[in-house]
Amino acid sequence: MMHHTCVGFIAIMMVLGCSEAQVNNTVATEYPITEVQTKDITTELEYVADIHALQNVEIRARVEGYLEQILVDEGKEVTKGQLLFRINDEEYLAELNSAKANLSSAQAEMKATEVELERVKLLVAKNVITKTEVDLALAKLEIAKAKVEQAKANVVVSSVKLTHTKIRSPFHGVIDRIPYKLGSLISAGTLVTTISDISDVNIYFKVSEIEYLDYFKERNDNNGVSLSSSVELLLADGSVYPYTGKIETMESEFEQGTGALAVRAKFKNPDKILKHGSTGKIRVKEKVKGALIIPQKSTFEIQDKTYVFVVDENNMVVMKSFVPLQRYENFYIVKSGLKAGQKIVYEGVQNLREGSVIKPKLMNTKDVYAITP
């Protein structure tokens, strides 16, 4: 009985010994690793953009009347002062003539009161009438002068109204839609067309507070204006606009709620390709010296955080979170959380667990971090 117990115990110990030996002799799985690198790179940031004409003005009628002439067509270029529309002016011409006639009458009346005043003064000098008659004559003259001034003002008003029957271009530009046709009754204030100066265009886009702090803040002049000269415009069809633009100014406050800051860039538009109200994307190129980068395939996400597996001196992998600044080609630019030279698992991270021991295979840095210049 005792003999059988000893044999069984020895057998169990042999099995446990073999199992322990197998664990100790387990070969660690080989994983490719790389080092966190620093490189001088040029990043590209894209923003939705709204295109606005340098000037975009509504042309409205100043007087009421029938549209008698349309002297320009939609989409045509016009020069400053060019006659665009003519409203029937018969009523306003008659009003002006009446005002002029009233002025002549008032001036004649004033002349008569002046003559009367001189006559009264002469009679007073001869003691024919009292001096109070002079005061009365002077009062009549002042009334006559006031009537003349009122008549002159009426002439000016009538002249202005007559002038407003001719609608002219306020600046060089392009005519937009003309909603009314010949013979239409136009009221004062009616929108007859819109004119746009698109020789240059202003393009507005919005950046977040983080992007402002990371990319725009350090590139401002003393007036707070970004000095970027590498601003490109992507048109709605995805093509690149042939002229580069320049950021001219940005707002001083972030929008409530969105936390965005509006930025304005100016582009030349000699071929009139860009139209007021169209959209596109602004591409801002930014040179970053000594950017800390890691391959995207080396990362994984858990909830709202991004991680890599860092390999320690014992070839054990440890989860390490980091804050990415942005994506760049097949890489992440690291904002914080990692340091240059740290060894991380290059690929196969989905098969690893915290604390696993691996057999590291250091990859060729030039192959891993091949970046388009």
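Lys and Arg at +1, Asp and Glu at -1: add these up for the other residues within a Cβ distance under 11 Å of L71 and post the number.
+2
Take the residue pairs K126/K152; K76/K285; K285/K359; K287/K366 and return only those whose Cα atoms are more than 31 Å apart. Spell out each step's value before the answer.
Details: K126/K152 38 Å; K76/K285 36 Å; K285/K359 40 Å; K287/K366 21 Å.
Pairs exceeding the cut-off: K126/K152; K76/K285; K285/K359.
To the nearest 20 Debye, how big is the dipole of the chain about its Cα centre, given +1 on the beta carbon of each Lys and Arg and -1 on that of each Asp and Glu? Please report the intermediate quantities before stating the final value.
Values: 46 positive and 49 negative charges, 161 e Å.
So the magnitude is around 780 debye.
What is the log10 of I(q)/I(0) for segment 87-198, computed with the Debye formula using one identical point scatterer on each Cα and no solvent, at q = 0.20, 0.23, 0.24 Å⁻¹?
-1.02, -1.15, -1.19
Which of these values of percent of Cα pairs over 27 Å apart was calculated from the structure shown: [x] 43; [y] 73; [z] 57?
Of the listed options [x] 43; [y] 73; [z] 57, [y] comes from this structure.
So who's got an amide H within less than 5 Å of the one on T194, skipping anything under 5 residues away but keeping other chains? H placed 1.01 Å off N, in plane.
I59, D176, R177
State the Cα centre-to-centre distance between segment 338-373 and segment 60-125 in whole Å.
So the separation of the two Cα centres works out to 87 Å.
Cβ neighbours within 10 Å, averaged per peptide: list 123-129, 310-316 in order, most packed at the top.
Order by mean packing, descending: 310-316, 123-129.
Could you pull out every residue, at least 5 positions away or on a different chain, whose amide H is within less than 5 Å of the one on L71? Hs are placed 1.01 Å off N in the peptide plane, and Pro or chain starts have none.
Long-range HN contacts for L71: F85, R86.
At 0.890 mPa s and 25 °C, plugging the Kirkwood radius over alpha-carbon pairs of segment 243-344 into Stokes-Einstein gives what diffusion coefficient in µm²/s?
It comes out at roughly 140 µm²/s.
Using only helices, what value at 222 nm comes out for the chain when you add -39,500 (n - 2.57) per DSSP H run of length 4 or more and divide by the total residues, to the nearest 500 deg cm²/dmol?
Only helices count here, giving -9000 deg cm²/dmol.
Where a number appears in this text, it was derived from the coordinates with a stated rule and is not lab data. Source: prediction; values computed, not measured. A quick note on method: Cβ atoms are made from the backbone with ideal geometry, for glycine too, and the neighbour counts reach across all protein chains shown.
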